[in-house]
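Here the structure is laid out as structure tokens; the discussion comes afterwards.
The values are calculated or read from the model by the stated rules, or taken from the named source; none is laboratory data. Predicted model only: the values in this text are computed from it and were never measured. Here the Cβ positions follow ideal geometry from the backbone for every residue, glycine too, while neighbour counts run over all protein chains shown. Each accessible area value is taken on the protein alone, full model and side chains, heavy atoms only, with ligands, DNA and RNA left out. Shrake-Rupley method; radii C 1.70, N 1.55, O 1.52, S 1.80 Å.
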Amino acid sequence: MHAHFTQEEQERLARSSVLLVGAGGLGSPVAYQLAAAGVGRIGLCDMDRVDVSNLQRQVLHTTFDAGRLKVESAADKLRALNPNVVVETHPVAITRENAMDLISGYDLVMAGADNFATRYLVNDACVMLGKPVVHGAVFRWDGQISVFDPKSGGPCYRCLYPSPPPPGAVPSCAVAGVIGVLPGVVGSMMAMEALKLLSGRGSTLTNRLLLCSTLTMDFTEVQVQRNPDCPVCGDHPTVTELIDYEAFCGGVGQ
Amino acid sequence: MTLTEEQIRRYSRHIILPEVGGRGQKRIMEASVLLAGLGGAGSAAALYLAAAGVGRIVLWDPAPVTEADLTSAIAHTRDRLGQSRAASAAEPLRAINPEVEVIVEESEERAAARLNADWVVLLSTEPWQPLHDQALKQGARVVACGAHGTGGAVTLFQPGGPCLACLDANYLHTAGLYGEEAGEAPLAAAAGVIGLMAAAEVIKLILGKGISLAGRLLTYDGWNAAVCEHKLEGRGNCPVCGA
């Protein structure tokens with residue numbers, strides 16, 4: 001099948017908008033590649049500033065950006081690549097108070113958060129707003145990618161992971177480490193999924209979870225299903241408004 | 001070489017990985033990589049190899065940066081249109097990591113003459129055969145990748161084989177393993193998948209960890225989000241890789 005989007009698909013991309021939750025490891029390739037593809041409007045939500053320890057993998061940022069807001073550093077790079085893209089910066093933490101407002105301004109959310117509270121928050125808000133989510137996660141040498149789009153019959157993040165792991169059971173990147181190239185692989189695949197969702201062309205990872213190990217270069221696909229009893233996207237949802245996700249996940253920064 | 005405090009901070013996410021550690025990070029910092037081709041896949045790989053701290057990165061790609069490159073490649077910018085792709089890519093590499101020695105090589109012959117068993121080559125541009133043959137004869141390993149449209153292919157050629165010279169050229173071409181400019185220009189996302197798989201392979205070869213892509217061809221089909229592995233076997237009696 002030919003690569004290039006038809007003119008109609010390309011125009012659809014130009015009219016579309018994407019919110020990146022996180023402008024770091026996964027956000028770096030995603031932002032660059034969506035801008036290169038001509039996505040019309042890219043929102044960057046990240047309250048962090050560039051730290052030297054980010055530079056081993058977060059290629060949106062350079063050594064000279066250390067100390068700057070990540071969203072501002074990122075916006076500079078995207079505009080240099082494609083000045084036609086509208087870049088919107090949100091240098092805030094996404095919270096239960098602002099999530100619905102932030103997300104409702106975009107067609108699609110790229111979820112590459114580094115903590116579970118944000119993952120559940122973004123998931124629940126997107127289900128409630130009917131927005132598709134491209135999911136990516138990295139750990140040491142391993143990654144996973146999927147598309148959560150309950151409106152098209154697929155599962156949401158909670159269908160796969162009904163409850164968060166106990167606090168401290170899954171160490172963060174800072175504690176566990178991550179090979180620098182891994183978010184590049186996972187983020188690039190996420191960007192491709194977004195382009196398919198926005199253009200309406202191709203077969204996305206809805207109902208499929210792609211697992212990869214860069215240490216062995218093994219890629220495995222797992223079928224995943226919507227859970228009719230899911231508290232958020234199920235037939236009889238019990239979570240109908242955003243909750244306290246810090247409490248749900250057992251504390252801040254665990 | 002002892003890691004400085006600044007280096008320990010910069011590479012901390014690597015150093016705490018059991019497969020890397022301080023010793024592995026030093027290997028990365030002492031490694032030499034030649035990137036032949038800085039289109040979509042090559043330039044994405046280059047950014048990450050510089051970020052990872054590869055000590056010496058030699059860039060060879062005399063083709064000028066064009067408008068098409070800006071939809072395929074993330075290392076080039078509009079204000080560098082017309083520069084050679086190697087010179088353009090060198091700028092963000094140096095900015096991401098000033099510790100890396102970035103060398104823009106204008107002659108393919110001079111680039112090839114540098115190679116020995118300590119080098120890894122990331123090959124993404126045509127013509128492949130001369131550089132590939134010379135690299136293997138000098139003991140270097142070659143990660144070859146081709147990104148086209150919304151997909152592509154990647155594998156490893158090394159002394160002991162199999163290699164480009166003893167594999168079925170038609171088979172490789174059908175799978176998508178050929179230089180980027182010989183096919184449809186890739187989307188940056190697809191080039192990223194292929195280029196970063198290749199970069200992951202380079203890092204593993206430097207570390208001597210994991211299972212390599214020797215004899216394994218990985219293909220990515222972006223329209224279907226499908227990654228497939230194909231086993232590669234050479235014809236034997238290969239004058240280039242010795243398999």
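Within segment B:163-179, how many residues are out of contact with any helix residue (DSSP H, G or I) (no Cβ under 6 Å at 6 or more places or on another chain) and open to solvent by 20 Å² or more (accessible area, probe 1.4 Å)?
Count: 9.
Quick check on this structure: which one of B:L196, B:L177, B:L164, B:L187 is in contact (Cβ under 8 Å) with a residue 40 or more places away in the chain, of a type outside the set (D, E) and closer than 20 Å to B:P239 by Cβ? Full working, then the answer.
Numbers: B:L196 fails: closer than 20 Å to B:P239 by Cβ; B:L177 fails: closer than 20 Å to B:P239 by Cβ; B:L187 fails: closer than 20 Å to B:P239 by Cβ.
Result: B:L164 is the single residue among B:L196, B:L177, B:L164, B:L187 that is in contact (Cβ under 8 Å) with a residue 40 or more places away in the chain, of a type outside the set (D, E) and closer than 20 Å to B:P239 by Cβ.
Within segment B:197-219, is even one residue in contact with a Leu (Cβ under 8 Å, 6 or more places away or on another chain), farther than 25 Å from B:K137 by Cα and not aromatic (F, W, Y)?
Scanning segment B:197-219 turns up no residue that is in contact with a Leu (Cβ under 8 Å, 6 or more places away or on another chain), farther than 25 Å from B:K137 by Cα and not aromatic (F, W, Y).
Can you list residue pairs whose Cβ atoms sit under 9 Å apart, with the first residue in segment A:146-161 being over 18 Å from A:L211 (Cα atoms) and the second being among the hydroxyl-bearing types (S, T, Y)? Count only pairs 6 or more apart in sequence or on different chains.
A:D149/A:T204; A:D149/A:T206; A:S152/A:T204; A:S152/A:T206; A:G153/A:T206
When segment A:95-134 is examined, which residues are found to be in contact (Cβ under 8 Å) with a residue 60 or more places away in the chain and in a loop (DSSP other than H, G, I, E, B)?
Listed by number, the residues that qualify are A:R96, A:G105, A:Y106, A:D107, A:G112, A:A113, A:D114, A:N115, A:P132.
Quick test for you: out of A:R57, A:R12, A:R79, pick the one residue that is assigned to a loop (DSSP other than H, G, I, E, B) and among the basic types (K, R).
Result of the check over A:R57, A:R12, A:R79: A:R57.
Select from segment B:175-200 the residues that are in a helix (DSSP H, G or I) and more than 7 Å from every other protein chain (Cβ to nearest Cβ) and list them in ascending order.
Of everything in segment B:175-200, those that are in a helix (DSSP H, G or I) and more than 7 Å from every other protein chain (Cβ to nearest Cβ) turn out to be B:A175, B:E180, B:E181, B:A182, B:A191, B:I194, B:G195, B:A198.
Out of A:V85, A:V18, A:V52, report the one residue that is under 30 Å from A:D244 (Cβ atoms) and either buried (at least 18 other Cβ atoms within 10 Å of the Cβ) or within 12 Å of another protein chain (Cβ to nearest Cβ) (or both).
The conditions single out A:V18.
Among the residues of segment A:209-224, write down those that are open to solvent by less than 40 Å² (accessible area, probe 1.4 Å) and not small (G, A, S).
Selection gives A:L209, A:L210, A:C212, A:T214, A:L215, A:T216, A:M217, A:F219, A:V224.
Residues checked against (1) open to solvent by 40 Å² or more (accessible area, probe 1.4 Å); (2) within 14 Å of chain B (Cβ to nearest Cβ):
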{"site": "A:R119", "(1), (2)": "no, no"}
{"site": "A:R140", "(1), (2)": "yes, yes"}
{"site": "A:G143", "(1), (2)": "no, yes"}
{"site": "A:P155", "(1), (2)": "no, no"}
{"site": "A:R158", "(1), (2)": "no, no"}
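Is it the case that some residue within segment B:181-197 is open to solvent by 10 Å² or more (accessible area, probe 1.4 Å), under 27 Å from A:A36 (Cβ atoms) and touching a helix residue (DSSP H, G or I) at 6+ places or on another chain (Cβ under 8 Å)?
yes
In segment B:70-124, which residues are among the polar types (S, T, N, Q), part of a loop (DSSP other than H, G, I, E, B) and in contact with a Lys or Arg (Cβ under 9 Å, 6 or more places away or on another chain)? Talk me through it step by step, then tell me what you get.
Taking segment B:70-124 as the starting set, the residues that turn out to be among the polar types (S, T, N, Q) are B:71-72, B:77, B:83-84, B:88, B:97, B:107, B:116, B:124.
In the following step, the residues that additionally are part of a loop (DSSP other than H, G, I, E, B) were identified as B:77, B:83, B:97, B:107, B:116, B:124.
Within segment B:70-124, B:T77, B:N97 qualify.
Tell me, please, whether a residue that is surrounded by fewer than 24 Cβ atoms within 10 Å (Cβ to Cβ), touching a Lys or Arg at 6+ places or on another chain (Cβ under 6 Å) and of a type outside the set (A, V, I, L, M) can be found in segment B:23-37.
Scanning segment B:23-37, I find at least one residue that is surrounded by fewer than 24 Cβ atoms within 10 Å (Cβ to Cβ), touching a Lys or Arg at 6+ places or on another chain (Cβ under 6 Å) and of a type outside the set (A, V, I, L, M), so the answer is yes.
Which one of the conditions (1) part of a helix (DSSP H, G or I); (2) touching a Gly at 6+ places or on another chain (Cβ under 6 Å) does A:A174 fail to meet, given that it meets all the rest?
Evaluating A:A174 over (1) part of a helix (DSSP H, G or I); (2) touching a Gly at 6+ places or on another chain (Cβ under 6 Å) leaves (2) as the failure.
Here are some residues: A:G168, A:G202. Which one is assigned to a loop (DSSP other than H, G, I, E, B), on the phi > 0 side of the Ramachandran plot and facing another protein chain (nearest Cβ under 8 Å)?
Exactly one residue qualifies, and that residue is A:G202.
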